[in-house]
Amino acid sequence: MRTPPPEPFDTVEIIHTKRDHRELTTQQINWLVEAYTRGYVADEQMSALTMAIFLNGMSRREIRDLTAAMIATGERMDYSALGKPTADKHSTGGVGDKITLPLMPLVATFGIAVPQLSGRGLGHTGGTLDKLESIPGWRATLSGSEMFAQLRDVGGVICAAGAELAPADKKLYALRDITGTVEAIPLIASSIMSKKIAEGTRALVLDVKFGSGAFLTDIARARELARTMVELGTDAGVATSALLTNMNVPLGLTIGNANEVRESVEVLAGGGPRDVRELTVALAREMLTMAGHPDVDVAAALDDGRAMDTWRRAIRAQGGDPDAPLPTAREQHPVTADRDGVLVAQEALPFGIAAWRLGAGRARKEDAVSHGAGIDLHAKPGDHVRAGQPLFTLHADDPARFARALEAVAGAWRIGDIGDPIVDGGPLVAERLGA
Ligand code: URA
């Protein structure tokens with residue numbers, strides 16, 4: 001039901017202001033966000049405004065005000081009673097991005113509280129909660145006091161963000177999703193940072209991805225988003241840095257849910273694919289540095305089992321059995337090399353779409369995912385391959401799904417000759433931003 005506006009501003013005038021390239025005042029932004037969340041400003045008015053923001057942008061001050069106004073619509077968490085530093089990571093999402101799973105226990109091992117509020121997947125990028133729900137018994141939803149107790153006793157927690165965290169963002173994001181206004185940097189930055197600042201972390205590392213499997217494909221746009229979010233975090237008193245990371249190629253050798261958990265456990269056991277370990281260690285170093293522990297030997301905690309111990313305790317604390325077998329899909333379809341040579345291309349986005357079509361992701365919020373579905377990669381760009389060797393295996397419960405997944409990856413991988421250029425877009429961690 002519509003409720004009266006807390007202060008008299010004219011929504012149409014606000015839309016005109018942004019449409020005509022002028023700045024909104026702090027009072028206008030505060031009123032607008034509150035009034036929209038309460039149902040006074042209509043969706044069609046907010047859509048016009050978000051399109052004006054998409055086209056004309058916002059100043060640093062406006063973005064900061066928008067973020068603060070979104071935070072003010074919900075609760076703000078506070079972990080100061082824990083008496084230890086807090087640090088968190090946010091990734092803009094990519095194909096095979098399971099880094100939160102090994103990262104949380106790795107950082108928590110060093111006495112940092114890691115309150116990792118996560119989401120479910122929509123479209124071709126997977127969701128951390130979907131992956132963890134492959135573990136029998138594991139529970140994503142915790143009360144505030146359960147979360148606090150786990151941070152105190154285990155050191156880290158990955159769980160679902162409650163509805164009270166920046167409710168304005170939930171409403172606004174759903175609207176942007178259907179009005180072609182998701183990719184506006186002021187709106188992405190305020191959406192992500194309102195949740196992270198409200199979550200109460202004192203240190204934050206942003207993994208901002210670029211490349212074919214990323215939300216923003218172009219590195220210049222990813223850099224602008226990273227810079228905007230670092231400024232927002234810093235302005236709010238959160239020690240914030242960002243890594244720009246390459247998402248042209250899937251991360252690791254697994255895309256799905258249960259298979260990504262398996263790979264994360266390999267990293268926690270000191271092994272796993274080189275790129276997953278490298279990014280986990282790089283982000284952990286950033287979090288520890290931001291939280292005031294710059295000189296610890298991060299990789300040693302993967303190799304000597306300390307991070308694995310924390311993982312097992314965190315999974316158990318949420319009802320999961322870290323030793324239980326993980327689900328597998330009923331059907332497999334291997335794809336083999338048709339010639340000897342070098343794998344020169346493996347594009348992230350088509351592989352993400354294929355995993356989604358196999359049942360690893362959802363098309364609508366209410367869909368269930370198949371935890372065993374997905375793709376195991378057996379070779380990465382630069383690897384030498386022999387004719388007949390499996391390059392990747394598709395997993396699905398229903399074999400009828402294989403055809404559309406194969407359609408998605410047709411032309412997305414290529415075998416060339418020794419010396420041909422490798423299409424992977426360069427180093428995994430391209431740049432760092434922040435203090
Ligand atoms: N993730 C978010 O939380 N918000 C956005 O706007 C985009 C990605």
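Pick from the range 87-101 the residues that are under 18 Å from T217 (Cα atoms) and β-branched (V, I, T): which of them is nearest to the ligand (Cβ to nearest atom)?
T92
Could you tell me how many of the residues in the range 355-414 are in contact with a Ser or Thr (Cβ under 6 Å, 6 or more places away or on another chain) and farther than 23 Å from L343 by Cβ?
4
Among the residues of the range 313-329, what is the count of those that are surrounded by 14 or more Cβ atoms within 10 Å (Cβ to Cβ) and closer than 13 Å to G137 by Cα?
9
Scan the range 1-26 residue by residue and report those that are at pLDDT 95 or above and in contact with an Asp or Glu (Cβ under 7 Å, 6 or more places away or on another chain).
Once the filter is applied, which keeps residues that are at pLDDT 95 or above and in contact with an Asp or Glu (Cβ under 7 Å, 6 or more places away or on another chain), the range 1-26 yields E23, L24, T26.
Just to be sure, is L288 within 25 Å of G382 (Cα to Cα), touching a strand residue (DSSP E or B) at 6+ places or on another chain (Cβ under 8 Å) and not charged (D, E, K, R)?
No, not satisfied.
For G83, work out the one condition from (1) farther than 19 Å from G252 by Cα; (2) touching a residue at least 24 places away in the same chain (Cβ under 8 Å) it doesn't fulfil.
(2)
Return the only residue of S212, S194 being touching a helix residue (DSSP H, G or I) at 6+ places or on another chain (Cβ under 9 Å), under 22 Å from Y36 (Cβ atoms) and either more than 12 Å from the ligand (Cβ to nearest atom) or not assigned by TED's automatic domain parsing to the domain that holds R362 (or both).
After ruling out the rest, the residue left standing is S194.
Please determine, by comparing only the residues of the range 177-187 that are within 11 Å of the ligand (Cβ to nearest atom) and touching a residue at least 40 places away in the same chain (Cβ under 8 Å), which one is farthest from A226 (Cα to Cα).
The extreme case among them is T181.
Scan (1) of a type in the set (A, V, I, L, M); (2) more than 13 Å from A329 (Cβ to Cβ); (3) within 21 Å of the chain's Cα centre (by Cα) for the single condition A360 breaks and write down its number.
Only one criterion is unmet by A360, namely (2).
In the range 264-282, what count of residues is obtained for those that are buried (at least 24 other Cβ atoms within 10 Å of the Cβ) and out of contact with any Phe, Trp or Tyr (no Cβ under 9 Å at 6 or more places or on another chain)?
Matching residues across the range 264-282 total 4.
Might you let me know whether the range 155-164 holds any residue that is farther than 17 Å from I315 by Cβ, of a type outside the set (A, V, I, L, M, F, W, C) and away from the ligand (no atom under 14 Å from the Cβ)?
Yes, the conditions are met somewhere in the range 155-164.
Could you list, in sequence order, the residues of the range 358-409 that are closer than 30 Å to P421 by Cβ and acidic (D, E)?
Hits for the range 358-409 are D376, D383, E407.
Please go through the range 246-271 and give me each residue that is small (G, A, S), farther than 21 Å from F215 by Cα and touching a residue at least 24 places away in the same chain (Cβ under 8 Å), ordered by number.
Passing the criteria: A258, S264, A269, G270.
The values are calculated or read from the model by the stated rules, or taken from the named source; none is laboratory data. Quantities reported herein were computed from a predicted structural model and do not represent experimental measurements. Note that each Cβ is placed from the backbone with ideal geometry, even for glycine, and that neighbours are counted across all protein chains shown.
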